Amino acid sequence: MRGNDDWWRDAVVYQVYPRSFADGNGDGTGDLIGVRERLGYLSELGVDAIWLSPFYTSPLNDGGYDVADYRDVDPRFGTLADFDAMIADAHARGIRVIVDIVPNHTSSEHPWFREGLRDRYIFRDQPNDWESIFGGPAWTQVEDGQWYLHLFDPTQPDLNWDHPAVREEFRDILRFWLDRGVDGFRIDVAHGMVKAEGLPDVGDDLHVEMLGHDSVPYFDQDGVHEIYREWRPILDSYQDGRMAVAEAWVSSPARLARYVGPDELHQAFNFEFMMAAYGAKSFRDVIDKSLAEAELVGAPTTWVLSNHDKPRHVTRHGGLARARAATQLMLSLPGSAYLYNGEELGLPEVLDLPDELRQDPAFLRSGESRDGCRVPLPWTSSDGFGWRSPWLPIPSTWGPLSREAQEGDPGSTLAFYRAALKLRKEHPALGGGELTWLDSPKDVLAFRREPGLVVLVNFGETPVASPGEVLLASGPLAADGSVPPDTAVWASAGEG
């Protein structure tokens, strides 16, 4: 499956967290066989591509983002043959495949680290004052007294991107997976890799965090752009729409825009949209800023509401009605949209996991946990929800949210997502194109997507009049056809 080199510009991409998506061999851990078996489900959902979180050889100290071998599949997830079969079937169904690449750090079980190749990591005689994202010091001491940097878990030593062997290795890793047919890469911690010369102290005024800051010495350094200028010709050399999207937590849309362009990466996640408070003003402010920056760099914005690192937006925004309205808003915007597995079922964040079952290393160091958004998906309504002893427990209350329970129910969240993605593909005004804001009440967003489609989202407390013939609503309309609170509609309103 090739062609359409710009497919990513308005694609709907579905993030698969392999460990939690579907279990193909019955061992309680999701795997590539499970992904392959569910490709029909993803095709029916209407996605253009899937993004696979890491499935590489790993001790899974950080859910696979601690990679021990970048060129192989961890036995818990399958084999390279399973990957090849999965990607062939995906392409046969018209689904492209994006894989994660983790270039900021390796696992401490990577051969380089185990063999003592310290020049490929960041070692020094004395630690500085940097702290780990997961809490505690960002330095661990080894037997001879030296210290190594790990901005995440101690089992994830940061690589030294000043070393030519590191740069050459990752260029070869890209080619390895491109030759196997992957359509793109999601770059983990894309604003990392390069640290300020001399590793200066942060000082008392700043604290290490994923969200970038213009003056911190560990993220969003100018040198990262040199790396992406080395990677872009590799992607372009395949001449069939291979792409890369950055996970870059930076301080402003202007700095995010620096990662995107014809000589660097194709996309960067719009985390300001994901982190915006639920409401007309907050969403409008982020949309305006994001579209302005997209116009500046000549590349579309990449919208996202949930992922494997943040609480699910059903919980974050205050309920399913609001989550569905926010989703329809996102799917209305110019650019591409990334969905997180399970959001099409309306899954909430799991807040009451027993502490002894939590596996996120951040929980052990800081008390904060991402496990609640990584609970396995409920496929059936019966005991086990289609899993045999899942690696994290599935809430007993999730029966009505299972794929089986929602199948055939026209009012279900699954049916809503399928309808929205189908209409997005069919309607020329969605995906690409322009957005024109319309006058609307204070707590309402309304805009036109040409030709002839109006989007309205009611964030207020009272119903508002529909802007035209409703093609899709995120929830039931009022008896008089008006749009209730916490509801979005797409309406046909002519060309005027």
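Yes/no matrix, rows are residues, columns are (1) more than 25 Å from V286 (Cβ to Cβ); (2) of a type in the set (F, W, Y); (3) more than 25 Å from the chain's Cα centre (by Cα); (4) open to solvent by less than 20 Å² (accessible area, probe 1.4 Å):
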position	(1), (2), (3), (4)
G432	no, no, no, no
S440	no, no, yes, no
V444	no, no, yes, yes
R449	no, no, yes, yes
N458	no, no, yes, yes
L477	yes, no, yes, no
S482	yes, no, yes, yes
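Does the range 418-427 contain any residue that is hydrophobic (A, V, I, L, M, F, W, C), within 30 Å of D6 (Cα to Cα) and open to solvent by less than 10 Å² (accessible area, probe 1.4 Å)? Yes, the range 418-427 contains at least one residue that is hydrophobic (A, V, I, L, M, F, W, C), within 30 Å of D6 (Cα to Cα) and open to solvent by less than 10 Å² (accessible area, probe 1.4 Å). Is it fair to say S389 is within 17 Å of F21 (Cα to Cα) and touching a Gly at 6+ places or on another chain (Cβ under 6 Å)? The answer is yes for S389. Among the helices (runs of 4 or more DSSP H) confined to the range 28-142, the ones with at least 1 residues that are open to solvent by 10 Å² or more (accessible area, probe 1.4 Å), under 20 Å from V182 (Cβ atoms) and touching a residue at least 24 places away in the same chain (Cβ under 8 Å) are located at 32-37, 39-45, 80-92.
When you check L456 against the structure, is it touching a residue at least 40 places away in the same chain (Cβ under 8 Å) and not in a loop (DSSP other than H, G, I, E, B), yes or no? It is false that L456 is touching a residue at least 40 places away in the same chain (Cβ under 8 Å) and not in a loop (DSSP other than H, G, I, E, B). Taking the stated definitions as given, is S332 touching a helix residue (DSSP H, G or I) at 6+ places or on another chain (Cβ under 6 Å) and buried (at least 21 other Cβ atoms within 10 Å of the Cβ)? The answer is no for S332.
Being touching a residue at least 60 places away in the same chain (Cβ under 8 Å), open to solvent by 30 Å² or more (accessible area, probe 1.4 Å) and either more than 20 Å from D10 (Cα to Cα) or among the polar types (S, T, N, Q) (or both) is true for just one of D285, D309. Which residue is that? Among D285, D309, only D309 is touching a residue at least 60 places away in the same chain (Cβ under 8 Å), open to solvent by 30 Å² or more (accessible area, probe 1.4 Å) and either more than 20 Å from D10 (Cα to Cα) or among the polar types (S, T, N, Q) (or both).
When we screen F185, F219 for residues that are surrounded by 17 or more Cβ atoms within 10 Å (Cβ to Cβ), at pLDDT below 95 and either within 26 Å of Y259 (Cα to Cα) or among the hydrophobic types (A, V, I, L, M, F, W, C) (or both), the only hit is F219. Contact map, the range 414-431: residues that are over 21 Å from G342 (Cα atoms) and of a type outside the set (F, W, Y) paired with residues that are open to solvent by 10 Å² or more (accessible area, probe 1.4 Å) and in a helix (DSSP H, G or I), Cβ distance under 9 Å, separation 6+ or inter-chain. Pairs shown: L430/L423; L430/R424; G431/R9; G431/R424; G431/K425. The residue pairs whose first member lies in the range 364-375 and is assigned to a loop (DSSP other than H, G, I, E, B), whose second member is of a type in the set (G, A, S) and at pLDDT below 90, and whose beta carbons are closer than 7 Å, counting only pairs six or more residues apart or on different chains, are E368/A362; S369/A362; R370/A362. Just one of the listed residues (A280, A257, A276, A299) is over 19 Å from the mean Cα position of the chain (by Cα) and crowded, with 18+ Cβ neighbours inside 10 Å, namely A280. The listed residues are A362, A337, A323, and the only one of them that is in contact with a Ser or Thr (Cβ under 9 Å, 6 or more places away or on another chain), farther than 22 Å from A280 by Cβ and not basic (K, R) turns out to be A362. The combined condition, being of a type outside the set (A, V, I, L, M, F, W, C), touching a residue at least 24 places away in the same chain (Cβ under 8 Å) and either in a helix (DSSP H, G or I) or within 19 Å of T301 (Cβ to Cβ) (or both), is not fulfilled by G399. Can you tell which of A326, A294, A299, A268 is closer than 21 Å to R96 by Cβ and not in a strand (DSSP E or B)? A299 is the lone residue from the list that is closer than 21 Å to R96 by Cβ and not in a strand (DSSP E or B).
The values are calculated or read from the model by the stated rules, or taken from the named source; none is laboratory data. Just so you know, these numbers come straight off a predicted model, no measurement behind them. Every residue, glycine as well, gets a Cβ built from its backbone with ideal geometry; the counts of neighbours run over all protein chains shown. Note: areas computed on protein heavy atoms with side chains; ligands, DNA, RNA excluded. Shrake-Rupley method; radii C 1.70, N 1.55, O 1.52, S 1.80 Å.
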